[in-house]
1. Please give the charge dipole size of the stretch 68-186, origin at the Cα centre, charges +1 on K and R Cβ atoms and -1 on D and E Cβ atoms. Round to the nearest 20 debye.
2. Sort 148-154, 178-184 by the packing proxy (mean of other Cβ within 10 Å over each peptide's residues), most packed first.
3. Cα gyration tensor of the stretch 52-180, axes a ≥ b ≥ c as square roots of the eigenvalues: rounded (a/c below 1.5), prolate (a/b > b/c) or oblate?
4. Considering only LYS82, LYS235, LYS13, give the residue with the highest GNM mean-square fluctuation for the chain, with springs between Cα atoms whenever their separation is below 10 Å.
5. Can you tell me how the stretch 186-276 classifies by the Cα gyration tensor, rounded, prolate or oblate, using a/c under 1.5 as the rounded cut?
6. I need the peptides 68-75, 266-273, 39-46 ranked by packing, meaning the mean over residues of other C-beta atoms within 10 angstrom, with the highest value on top.
7. Amide H of ILE37 versus every other amide H placed in the peptide plane: which residues, excluding those fewer than 5 positions away on the same chain, fall under 5 Å?
8. Taking the Cβ-Cβ separation of ASP116 and LYS188 as r and a Förster radius of 25 Å, what is the calculated FRET efficiency to the nearest 0.05?
Amino acid sequence: MIKIIDLEHEYKKDNNESIKTLNKVNIDINKGDFVSIIGHNGSGKSTLAKHLNGLIIPQKGEVIIDDIKVIDDNNIWEIRRKVGMVFQNPDNQFVGGTIEEDIAFGLENIGFPSKDMMERINYAAGKVGMGDYLKRPPHKLSGGQKQRSAIGSVLAMEPDYLVLDEPTSMLDPKGRKEVIEVLRTLNKQDKMTILLITHFMDEVVYSDKVIVMDKGNIVLQGTPKEVFNNKKMLKSINLELPKAAILQEIIANKGINFKDEVLTKEDLVEELWQLF
Ligand SMILES: Nc1ncnc2c1ncn2[C@@H]1O[C@H](COP(=O)(O)OP(=O)(O)OP(=O)(O)O)[C@@H](O)[C@H]1O
Ligand SMILES: [Mg+2]
């Protein structure tokens with residue numbers, strides 16, 4: 001389990017003023033959970049994510065991964081083995097000339113036995129649907145394929161937790177869908193714990209838990225239904241609703257009311273057919 005207790009962080013600006021980017025943040029993430037974090041630009045999401053694998057060491061408060069506390073540079077390698085990170089730009093994450101080399105690079109770094117390497121590479125590429133592309137160079141892949149490969153390279157290290165900071169924000173709708181499907185399958189089939197930071201509301205509706213951040217504070221936390229019920233509050237901090245919920249509002253304005261709140265495409269279909 002990941003436990004974040006009263007975490008605070010401030011950045012020093014050039015003129016020596018400081019800006020507080022995390023303010024008494026408390027989060028529990030259970031093994032096997034799919035947790036999403038949303039929040040307007042600058043709300044502190046990336047700062048929080050960087051605390052989870054030792055890219056930032058806590059200034060105040062605690063970050064505990066299973067039973068290991070992130071304290072200083074001495075244990076960050078252990079932490080990084082447990083928490084895999086995927087970032088926004090897939091082009092910045094490749095170190096190898098092909099998918100195979102890219103996955104191998106990470107494994108070589110941790111001294112993985114070379115006789116088992118090919119098996120692990122096939123396993124990791126297979127998990128993200130890239131098994132047939134091992135000899136491809138990254139520049140001959142679509143954005144979605146690149147990002148899936150980046151996830152594969154992280155999975156090869158067998159992390160216990162996967163943290164993704166806006167992994168779909170540079171992708172087209174098809175690429176976004178591919179990446180989200182991979183994440184949902186990893187969570188459902190392999191019980192991989194996933195923490196997804198995103199600004200696409202339609203990506204969070206299947207999460208177990210949604211965390212909403214604003215100006216360094218957690219302002220809402222709950223199931224997607226609980227969180228998206230706070231429509232006024234979400235609008236006040238410049239967040240949208242999922243598309244299905246927006247459509248529900250438009251239809252309600254025409255005087256047609258659904259029985260339930262809808263969040264997903266499936267919810268929407270369920271309500272719409274009953275109108276006939
Ligand atoms: N290295 C840094 N030095 C100084 N200030 C920083 C640094 N990184 C982030 N900040 C500031 O900290 C605040 C939180 O930034 P952060 O990147 O965590 O937000 P975010 O929620 O990830 O935003 P976005 O949605 O734009 O990715 C912002 O005001 C940002 O300008
Ligand atoms: Mg960010």
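1. About 360 debye.
2. Final packing ranking: 148-154, 178-184.
3. In terms of gyration-tensor shape, oblate.
4. LYS13
5. Cα axes put the stretch 186-276 in the oblate bin.
6. Averaged packing, sorted descending, gives the order 39-46, 266-273, 68-75.
7. Here LEU196, ILE197, THR198, ILE211 satisfy the definition.
8. 0.40
Readers should treat all values here as calculations from the given coordinates under stated rules, not as data from a laboratory. No experiment lies behind these values; they were computed from the predicted model shown. Quick reminder, even Gly has a Cβ in these numbers, built from the backbone with ideal geometry, and neighbours come from all protein chains shown.
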